[in-house]
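Since the structure comes first, as structure tokens, the remarks are kept for the end.
No value in this document is a laboratory result; all are computed from the given coordinates. Predicted, not measured: the structure shown is a model, and the values here were computed from it. Every residue, glycine among them, receives a Cβ derived from its backbone with ideal geometry; neighbour counts consider all protein chains shown.
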Amino acid sequence: MTAYTPVHVGTVTKYVVVESFDFTPADLGIRAYEISKGVMIKETCFGLVINGKEEEVDRIIAELRKLDPEHIFVKDRGFPPGDARRCRANLGGARPGYNGMEYEMTVIPYVSHGLEELNIRDENTIPEPENPLEHKALDIARLRKLIDAQES
Amino acid sequence: MVKVFIYPATSLILSDMVARYGHTPLSSAVAIRERIQTAGLESAPLQITPEEPKKGLKWAAVEVPAGVRGRMALYGPMIEASEAAIIINDADLAFGCMGCARTNELIKFLLHQKDIPRLELNYPKNEEDGVRFVAAIKRFLTGLGGTK
């Protein structure tokens, strides 16, 4: 076994995912370069990957979020940008783990809509979502629909 | 600021929501980062060494596959450190082989056993679901208190 020497020790990497009608990853990239100091920024198809000291990365992300708060989403990443163990440029095909993000990108418009609504509505007036652990009985209206579909 | 375990542990939406409302998300990226930034022996791609299944014995018995125990070495300490949890129950993206699937079951079991505030959800399927989804998360997270 060979010795392993880590790189970018003491840094954090974060994804900035943009799902907006007004901003593209390129817009975010330009804005991030304008305000960044000593961080690594990689533009991707879905947004940016930013690597650097935690305080600096958080500062840049806070500024980027102001552009379109309801349509910019952020999460941590374990590997730095372009890491040969994860980067699809070396591996080919989609990056491992991309299927998760790809699925959530289909749901994010609903979440963005929810965030926008909460700017104008009080969250305490909004009903609870259905409890996934609750056993669901067949709704009588749905049963009727099924019977009608069978009869026709 | 409360440490909130998110399931699926790689979820972009949950990670963002928890951070957006002033808490700390405990996601798999944090555990992976810790390993790939620690010097040792080369064990690509995730720097999971033969030591991890041994550490996983704390949460899973010795006859449980090493894949589950190795994964639990990542998630177990985070579950122990968590002070609240948000679980999405219909996360098809968290599919996997025996290792991943059983680890996911064990994670959910341990979270249900732990006496912490827990929010159970499904992914929204339309805009009204989205509003309810975000409102439930906001209510839950603001109710935890201690936001930064």
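Once you sort the root eigenvalues of the Cα gyration tensor of the protein assembly as shown as a ≥ b ≥ c, which label holds: rounded (a/c under 1.5), prolate (a/b larger than b/c) or oblate (the other case)? Write out the running numbers ahead of the final one.
On the way: a/c = 1.70, a/b = 1.20, b/c = 1.42.
Here the protein assembly as shown falls in the oblate category.
For chain A, what is the relative contact order in percent, using Cα pairs closer than 8 Å and at least 6 residues apart in sequence?
Taking the mean separation of contacting Cα pairs over the length of chain A, I get 22 percent.
Other chains near B:26-33: what is the mean number of their Cβ atoms within 10 Å of each residue's Cβ?
Mean shielding by partner chains, rounded to a whole number: 5.
Could you please report the charge total around B:Met17, scoring K, R as +1 and D, E as -1 over all other residues with beta-carbon less than 11 angstrom from its beta-carbon?
Residues near B:Met17 contribute +2 overall.
Taking neighbour counts of Cβ atoms within 10 Å as a proxy for exposure, in what order, fewest first, do B:Met72, B:Met1, A:Met40 appear?
Fewest-to-most ranking of B:Met72, B:Met1, A:Met40: B:Met1, A:Met40, B:Met72.
Once amide H atoms are placed 1.01 Å from N in the peptide plane, what residues at a sequence separation of 5 or more from A:Thr13, or on another chain, have their amide H within under 5 Å of its amide H?
Answer set, sorted by chain and number: A:Arg77.
Under a Cβ-only charge scheme (Lys and Arg +1, Asp and Glu -1), can you give me the dipole magnitude of segment A:12-125 about the Cα centre, in debye to the nearest 20? Working shown, then result.
Details: 15 positive and 20 negative charges, 145 e Å.
Around 700 debye, computed over segment A:12-125.
Pop out the ³J(HN,Hα) list for segment A:141-146 in order, Karplus 6.51 cos²θ - 1.76 cosθ + 1.60 with θ = phi - 60°, rounded to Hz; leave Gly and Pro as x.
5, 6, 4, 4, 5, 5
In straight Cα distance, which aspartates and glutamates are under 12 Å from A:Lys42, not counting same-chain residues fewer than 8 positions off?
Once the sequence-local aspartates and glutamates are set aside, what remains near A:Lys42 is A:Asp83.
Please report B:Lys108, A:Lys66 as a ranked list, fewest other C-beta atoms within 10 angstrom at the top and most at the bottom.
Arranged by neighbour count, lowest to highest, B:Lys108, A:Lys66 become A:Lys66, B:Lys108.
What is the gain in length, in nm to one decimal, between A:Leu146 and A:Leu91 on full extension, counting 0.36 nm per residue of separation less the C-alpha to C-alpha distance?
Stretched out fully, the A:Leu146 to A:Leu91 stretch lengthens by 15.0 nm.
With the dipole of chain A worked out from charges on the C-beta (+1 for Lys and Arg, -1 for Asp and Glu) around the Cα centre, which of A:Met1, A:Ala89, A:Leu118 lies farthest toward the positive end?
Towards the positive end, the residue furthest out is A:Met1.
Test of understanding: ordering B:Leu57, B:Leu111, A:Leu133 by Cβ neighbours within 10 Å, fewest first, what list do you get?
The fewest-first ordering by Cβ neighbours comes to A:Leu133, B:Leu57, B:Leu111.
For chain B, find the longest principal axis of its Cα atoms and tell me its angle to the long axis of helix B:98-113, 0 to 90°, nearest 10.
Roughly 50 degrees between the two axes.
What's the magnitude of the charge dipole for the protein assembly as shown around its Cα centre, counting Lys and Arg as +1 and Asp and Glu as -1 at the beta-carbon? Answer in Debye, nearest 20.
Rounded to the nearest 20 debye, it is 1020 debye.
Taking the Cβ-Cβ separation of A:Met1 and A:Lys53 as r and a Förster radius of 35 Å, what is the calculated FRET efficiency to the nearest 0.05?
0.65
Please get the size of the charge dipole for segment B:1-69, origin at its Cα centre, with Cβ charges of +1 on Lys and Arg and -1 on Asp and Glu, quoted in debye to the nearest 20.
180 debye
Quick one: of the DSSP bridges fully inside the protein assembly as shown, what percent are antiparallel, nearest 5?
Working: 18 of 29 bridges.
So the antiparallel bridges in the protein assembly as shown amount to around 60 percent.
Once you have the Cα-Cα distance between B:Ala61 and B:Lys114, take 0.36 nm times their residue separation minus that, and quote the gain in nm to one decimal.
Numbers: separation 53, 0.36 × 53 = 19.08 nm, distance 1.86 nm.
Result: 17.2 nm gained on full extension.
Please report the spacing between the Cα centers of segment B:92-127 and segment B:20-39 in Å, no decimals.
18 Å
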